[in-house]
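Asks: This structure is in structure tokens; I'll ask about it shortly.
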Amino acid sequence: MSETGAVPTAPLRARAEIDLGALRANVRALRARASGAAVMAVVKSDAYGHGAVPCARAAVEAGATWLGTATPEEALALRAAGLDTRMLCWLWVPGGPWRQAIEAGIDVSLSGMWALREVTEAARSAGTPARVQLKADTGLGRNGCQPADWPELVAGALRAEAEGLVRVTGLWSHFACADEPGHPSIAAQLTRFREMVAYAEQQGVRPEVRHIANSPATLALPETHFDLVRPGIATYGVSPSPEIGTPADFGLRPVMTLSASLALVKHVPAGHGVSYGHHYVTPGATTLGLVPVGYADGVPRHASGTGPVLVDGKWRTVAGRVAMDQFVVDLGGDEPPVGAEAVLFGPGDRGEPTAEDWAQACGTIAYEIVTRIGTRVPRVYVNGEQAG
Ligand SMILES: *Cc1c(COP(=O)(O)O)cnc(C)c1O
């Protein structure tokens with residue numbers, strides 16, 4: 001199966017079809033764009049809702065040599081599933097599973113002295129050095145070590161390295177505004193990153209990888225690539241922002257198609273209120289289609305009255321409120337059969353809306369649209385074979 005359109009619709013209430021062939025092609029496109037750098041496929045949050053294990057496998061098949069997760073639990077789950085690729089996880093709280101991460105050979109990120117203390121203690125009891133990457137806050141103002149605190153963290157890490165408790169494998173940071181081309185913070189963060197890396201290296205740190213590039217930086221800012229790039233959203237074929245381009249502009253193809261089977265098609269008279277609160281009232285006699293997915297499945301309630309859906313070749317709009325398990329579209333008198341496919345979003349080449357269209361309709365970003373699709377929606381993997 002090489003085309004989404006060729007895939008038969010299973011009789012499911014709803015399905016998120018995940019095109020692993022598209023994912024592999026996206027990883028290859030990202031490798032080509034960042035030639036000279038290794039690619040870390042970011043598979044946090046269940047691979048942005050696409051399914052961490054199958055997506056991580058496909059990314060590795062396509063040449064990603066690192067996997068990135070937010071939490072250590074996410075990385076440990078990938079190891080448990082048999083993925084033996086290098087991995088980095090960066091979101092730790094005190095008491096985290098340092099020792100398990102060390103024993104699983106997972107690189108861990110440190111943003112402060114508390115984390116260095118915990119990881120060295122765990123390394124001592126494991127009898128194995130921890131692979132640590134020091135994270136610099138070069139201006140994002142979120143996680144990462146402030147420049148003023150960097151000398152203390154670098155010195156502490158070097159002491160622990162001298163004691164054989166850690167190996168400093170990476171120096172890294174994260175952008176605040178890489179998706180806004182020309183934003184002055186980009187150059188400022190890059191300068192700060194170079195300074196903080198240079199300081200650590202002067203002190204004796206010998207990192208395997210220095211990295212700062214997320215998807216928008218990977219796609220549009222070659223000077224940010226260093227030794228490794230960390231694309232997340234682009235791996236899934238979604239553009240980080242409409243301003244920097246469409247997926248097709250970068251040779252990327254959306255991986256997820258979300259669809260549902262119409263659960264009811266019925267005639268209603270003019271003036272009929274639709275769904276909770278009656279925020280939509282039929283302007284004339286019409287037909288309504290019941291789409292059996294709702295906010296419990298991750299369809300944003302903010303899509304009430306705005307979300308686009310392809311039914312029977314036509315774009316329809318969510319009529320009235322999105323409820324927990326279902327919403328309604330006005331079919332304008334058309335009578336598609338019950339069970340007909342309603343496509344919420346996909347690559348767009350069958351005329352269906354994209355995750356970006358949903359983001360615009362809901363006042364959010366496409367990242368949130370795909371990531372929030374819930375566990376009640378089965379993921380159906382296609383093109384899983386290495387062929388495509
Ligand atoms: C999520 C994340 C990424 C990937 O970001 P995208 O914009 O999805 O490419 C990279 N690095 C870190 C630290 C992240 O948290």
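The values are calculated or read from the model by the stated rules, or taken from the named source; none is laboratory data. This one's a predicted model, so the numbers in the text were calculated from it and none came from an experiment. Using ideal geometry, Cβ is built from the backbone for each residue, glycine included, and neighbour counts are taken over all protein chains shown.
Asks: Can you report the number of residues in region 52-74 which are out of contact with any helix residue (DSSP H, G or I) (no Cβ under 7 Å at 6 or more places or on another chain) and either more than 16 Å from the ligand (Cβ to nearest atom) or assigned to a helix (DSSP H, G or I) (or both)?
Replies: Of the residues in region 52-74, 3 are out of contact with any helix residue (DSSP H, G or I) (no Cβ under 7 Å at 6 or more places or on another chain) and either more than 16 Å from the ligand (Cβ to nearest atom) or assigned to a helix (DSSP H, G or I) (or both).
Asks: Scan region 81-89 and tell me whether some residue there is under 28 Å from Glu118 (Cα atoms), hydrophobic (A, V, I, L, M, F, W, C), assigned to a helix (DSSP H, G or I) and in the same structural domain as Thr120 (by TED's automatic domain parsing).
Replies: Checking region 81-89: not a single residue is under 28 Å from Glu118 (Cα atoms), hydrophobic (A, V, I, L, M, F, W, C), assigned to a helix (DSSP H, G or I) and in the same structural domain as Thr120 (by TED's automatic domain parsing).
Asks: Looking at region 215-243, I want the residues that are closer than 20 Å to His50 by Cα and have a partner that is more than 9 Å from the ligand (Cβ to nearest atom) and aromatic (Phe, Trp, Tyr) with Cβ atoms under 9 Å, at least 6 apart or on another chain. Which pairs are those?
Replies: Final answer for the pair search is Arg230/Trp66; Ala234/Phe250; Ser239/Phe250.
Asks: Within region 370-388, can you find the residues that are of a type in the set (Ser, Thr, Tyr) and either within 16 Å of the ligand (Cβ to nearest atom) or part of a helix (DSSP H, G or I) (or both)?
Replies: Thr371, the sole residue that qualifies.
Asks: Can you name the residue in region 198-207 that is in contact with a Leu (Cβ under 9 Å, 6 or more places away or on another chain) and assigned to a loop (DSSP other than H, G, I, E, B) and is also surrounded by the fewest Cβ atoms within 10 Å (Cβ to Cβ) among such residues? Walk me through it before giving the result.
Replies: Taking region 198-207 as the starting set, the residues that turn out to be in contact with a Leu (Cβ under 9 Å, 6 or more places away or on another chain) are 200-201, 203-205, 207.
So of that shortlist, the ones also assigned to a loop (DSSP other than H, G, I, E, B) come out as 204-205, 207.
On the way: Gly204: 13, Val205: 18, Pro207: 19.
If we take residues in region 198-207 being in contact with a Leu (Cβ under 9 Å, 6 or more places away or on another chain) and assigned to a loop (DSSP other than H, G, I, E, B), then Gly204 is surrounded by the fewest Cβ atoms within 10 Å (Cβ to Cβ).
Asks: Pick out, from region 280-369, the strands (runs of 3 or more DSSP E) lying fully within it that include 2 or more residues that are away from the ligand (no atom under 16 Å from the Cβ) and closer than 26 Å to Pro247 by Cα.
Replies: Counting at least 2 such residues, we get 308-311, 314-319, 341-345.
Asks: Let me ask you something else. With the condition kept exactly as written, say whether any residue in region 208-226 is more than 16 Å from the ligand (Cβ to nearest atom), surrounded by fewer than 24 Cβ atoms within 10 Å (Cβ to Cβ), part of a loop (DSSP other than H, G, I, E, B) and more than 13 Å from the chain's Cα centre (by Cα).
Replies: So in region 208-226, the residues more than 16 Å from the ligand (Cβ to nearest atom) come out as 208, 223.
Still in the list and also surrounded by fewer than 24 Cβ atoms within 10 Å (Cβ to Cβ): 208, 223.
Next cut, part of a loop (DSSP other than H, G, I, E, B) only: 208.
Narrowing further to those that are more than 13 Å from the chain's Cα centre (by Cα): 208.
Yes, that holds for at least one residue.
Asks: Going by what's in this entry, would Ala178 be described as within 15 Å of the ligand (Cβ to nearest atom), in contact (Cβ under 8 Å) with a residue 24 or more places away in the chain and either small (Gly, Ala, Ser) or in the same structural domain as Gly144 (by TED's automatic domain parsing) (or both)?
Replies: So Ala178 passes the test.
Asks: Give me the residue from region 139-197 that is in contact with a Ser or Thr (Cβ under 7 Å, 6 or more places away or on another chain) and part of a loop (DSSP other than H, G, I, E, B) and, out of that set, farthest from His211 (Cα to Cα).
Replies: Applying the filter and picking the extreme gives Leu165.
Asks: Given the conditions (1) buried (at least 23 other Cβ atoms within 10 Å of the Cβ); (2) among the β-branched types (Val, Ile, Thr); (3) more than 16 Å from the ligand (Cβ to nearest atom); (4) not in a helix (DSSP H, G or I), which single one is not true for Thr128?
Replies: (1)
Asks: Within region 307-327, restricting attention to residues that are among the small types (Gly, Ala, Ser) and under 27 Å from the mean Cα position of the chain (by Cα), which residue is surrounded by the fewest Cβ atoms within 10 Å (Cβ to Cβ)? Walk me through it before giving the result.
Replies: Just the residues of region 307-327 that are among the small types (Gly, Ala, Ser), to begin with: 307, 313, 319-320, 323.
Then keep just the ones that are under 27 Å from the mean Cα position of the chain (by Cα); that gives 307, 323.
On the way: Gly307: 26, Ala323: 17.
Here the residue is Ala323.
Asks: If Ala162 satisfies all but one of (1) away from the ligand (no atom under 12 Å from the Cβ); (2) farther than 14 Å from Ala136 by Cβ; (3) buried (at least 16 other Cβ atoms within 10 Å of the Cβ), what's the number of the condition it fails?
Replies: For Ala162, the exception is condition (3).
Asks: Now for a different question. Determine whether Val108 is within 20 Å of Leu252 (Cβ to Cβ), crowded, with 22+ Cβ neighbours inside 10 Å and within 16 Å of the ligand (Cβ to nearest atom). Reasoning before the result, please.
Replies: On the way: within 20 Å of Leu252 (Cβ to Cβ): no; crowded, with 22+ Cβ neighbours inside 10 Å: yes; within 16 Å of the ligand (Cβ to nearest atom): yes.
In short, no.
Residue-wise test of (1) of a type in the set (Gly, Ala, Ser); (2) crowded, with 22+ Cβ neighbours inside 10 Å; (3) in the same structural domain as Ala59 (by TED's automatic domain parsing); (4) touching a residue at least 60 places away in the same chain (Cβ under 8 Å).
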| site | (1), (2), (3), (4) |
| --- | --- |
| Ala263 | yes, no, no, yes |
| Lys266 | no, no, no, no |
| His272 | no, no, no, no |
| Pro283 | no, no, no, no |
| Pro292 | no, no, no, yes |
| Arg301 | no, no, no, no |
| Gly305 | yes, no, no, no |
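Asks: Considering Arg31, Arg99, which residue is away from the ligand (no atom under 16 Å from the Cβ), in a helix (DSSP H, G or I) and either surrounded by fewer than 23 Cβ atoms within 10 Å (Cβ to Cβ) or not charged (D, E, K, R) (or both)? Don't jump to the end; show me each part of the working.
Replies: Working: Arg31 fails: away from the ligand (no atom under 16 Å from the Cβ).
Answer to the check: Arg99.
Asks: Now, a different point. Out of Gly144, Gly204, I need the residue that is within 12 Å of the ligand (Cβ to nearest atom) and of a type in the set (Gly, Ala, Ser). Which one?
Replies: Values: Gly204 fails: within 12 Å of the ligand (Cβ to nearest atom).
From the options Gly144, Gly204, the qualifying one is Gly144.
Asks: For region 182-211, give me the residue count where each residue is hydroxyl-bearing (Ser, Thr, Tyr) and out of contact with any Cys (no Cβ under 7 Å at 6 or more places or on another chain).
Replies: Residues meeting the conditions: 2.
Asks: Being within 16 Å of the ligand (Cβ to nearest atom), in the same structural domain as Gly49 (by TED's automatic domain parsing) and touching a helix residue (DSSP H, G or I) at 6+ places or on another chain (Cβ under 9 Å) narrows it down to one residue among Asp149, Asp137; which is it?
Replies: Within the list Asp149, Asp137, the selection yields Asp137.
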